[in-house]
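The values are calculated or read from the model by the stated rules, or taken from the named source; none is laboratory data. Since this is a predicted model, take the numbers as computed values, not measurements. Please note: Cβ atoms are built from the backbone with ideal geometry, for glycine as well, and neighbour counts cover all protein chains shown. For the accessible areas, the whole protein counts, side chains as well, though only heavy atoms, and no ligand, DNA or RNA atoms are used. Shrake-Rupley method; radii C 1.70, N 1.55, O 1.52, S 1.80 Å.
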Amino acid sequence: MFNNRIRTAALAGAIAISTAASGVAIPAFAQETTVTTNGFNDADGSTAQPVGPVNHTEAELRDATDATGNYLEAFQTGDIQAIVGAYVDAGEDGFDPSEQAIFEAFEAARNEATQQLAFSKDTITKTRESVNYALKVDQEATEAFLAYRNALRGAAAAINPLIDAANDANRTDRAEIKDYADLYTQTDIALKTPQLAYAFQDLKALQAEVDADFEWLGEFGIDQEDANYVQRYHIPAVEALKAEIDARVAAIEPLRADSIAKNLEAQKSDVLVRQLFLERATAQRDTLRVVEAIFATAARYVELYESDENVNVEGDTLRNHYVALLPTLFGAAFFNIDILDDADEAAELYYLEWDTDLGTNDEDAAYAEEKRQFALLTYAKVFINGIWQEEVKNVQNLYDGARAEAARVEAERLADEAYRAEQLRIAQEAADAQKAIADALAKEAENGNNNGGDNSSDDKETGSSDIGSWGPFAAIAAIIAAIAAIFPFLSGIVKF
């Protein structure tokens, strides 16, 4: 593992200073930006991602994880200047010590960490595809090898009895045909040494030997004496042997070619090395989650500096609830960086070769053990990292609750203002109606005075209006019209 392990104090100091001058917001647990699938966060790689076999090479995986490693190196080494410097130097008019400027620096760092987390999530997917591919070609090579090996075993089982039969029927002075040795049935030998190659070479040599013997048996002058002649049962026995060998060779040759081709492809990748890059990418992701959370927490702390949202919740201000998260987050960062250091060293140490690959081409057992250990670590980290995630979520819930309460109070205030405004409008309309009634009555009274109080029709022309007679009705109509202005539905009931 790397020798420059970060000590707790150095890490805490580096991040503490960095959070005072830089920042990052984190969709990883920021509710307002989180997109989930089945309740799991898409942005931080929490969502399950089914993958197929894709041949991303070990070099590609190295480069991808190195890119993230370059970003995290400052945190791993405690390089405060590297962490803070980029944001301190960002201002065009010199360093601005205002809280708003600090918040904006946090936001810039927030975006960078979020992008790094998204890239790391994609790297994990690519690495899993790469592991899947290496497993696939390994399995195909193993299956092709077993088909080839079993065909050779079957050849030995079928050919050896025919060799015995041909030898028993031999009455010539030619040496007996040697058995096609059944020495290649032990799995451990067949898998660890190139015995199958020798077995196939022996089979081809046997085929050549039988072909030569069969040709020799056809020589015209082969029958020479009583002890040296071709017995009539010998030719059919050799014919049967030759036919079986030819058929077996014809069947085995494509199997051998397929096994060689698939093993050559499998030899181009090492599933264990790719697995180590998966472990490195996962350790980077988990570290980025904490770094992102630290920056987001610090950004929120600064944002609440003079905000109306910085209310008291559970005996303290929201701002203090946020800053109280930092010690836990620093400890979580150290824990994850320590695991990342181990993963970095393993990936670097075994990049060129994994030691089990030197002894056997069958890496199933070694991969199964590595995968088991990685799974146990992954499961353990879920619970360990859950500590800081729960604390962050608790404060976030406090913040969301405070915002909801503020929204409720504001809604009640607006509703009360609307109610009061409506009451004022109704009162104004009622006053206007009363004035209209008073005006109508006054006008009626004025008309009555102008007529001298005489409502007789004797002095009026035919067809003229009788104001004195209709005046009361006009006043009533004016009153109803005024009321209808307040209650429009009355106009649909009263008709004139």
Over 32 Å between Cα atoms, which of K204/K371; K262/K381; K268/K371; K136/K393 qualify? K204/K371; K262/K381; K136/K393
Compute the label zone of V409 within segment 310-330: residues whose backbone N is under 19 Å from the point 7 Å along Cα-to-Cβ. 310-322
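Test of understanding: what is the full-extension gain from K443 to E219, defined as 0.36 nm times their sequence separation minus their Cα-Cα distance? The partial results should precede the final answer.
Details: separation 224, 0.36 × 224 = 80.64 nm, distance 15.14 nm.
That works out to 65.5 nm of additional length.
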FRET efficiency, 1/(1 + (r/R0)^6) with R0 60 Å, evaluated for A101 and E429 via beta carbons: 0.65
How far apart, in nanometres, would the label points at L264 and A158 be if each is projected 7 angstrom from Cα along the Cα-to-Cβ direction? 2.7 nm
Starting from 0.36 nm per residue, how many nanometres of slack lie between A365 and V51 once their C-alpha separation is accounted for? 110.8 nm
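What net charge do the residues around E417 carry, taking every other residue with its C-beta under 14 Å from that of E417, with Lys and Arg at +1 and Asp and Glu at -1? Mind showing how you got there, number by number?
Working: positive: R413, R420, R425; negative: E410, E412, D416, E422.
With Lys, Arg at +1 and Asp, Glu at -1, the net is -1.
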Computed E for A250/N70 - FRET, C-beta separation, R0 56 angstrom, nearest 0.05: 0.50
Tell me which residues come under 5 Å, amide H to amide H, from N41 once H is placed; ignore anything under 5 positions away on its chain. S46, T47
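Return the carbon/sulfur percentage of the accessible area of segment 282-375, one whole number, probe 1.4 Å, all protein chains in place. Let's see the in-between values first.
On the way: 2100 of 4240 Å².
Answer for segment 282-375: carbon and sulfur cover 50 percent of the accessible area.
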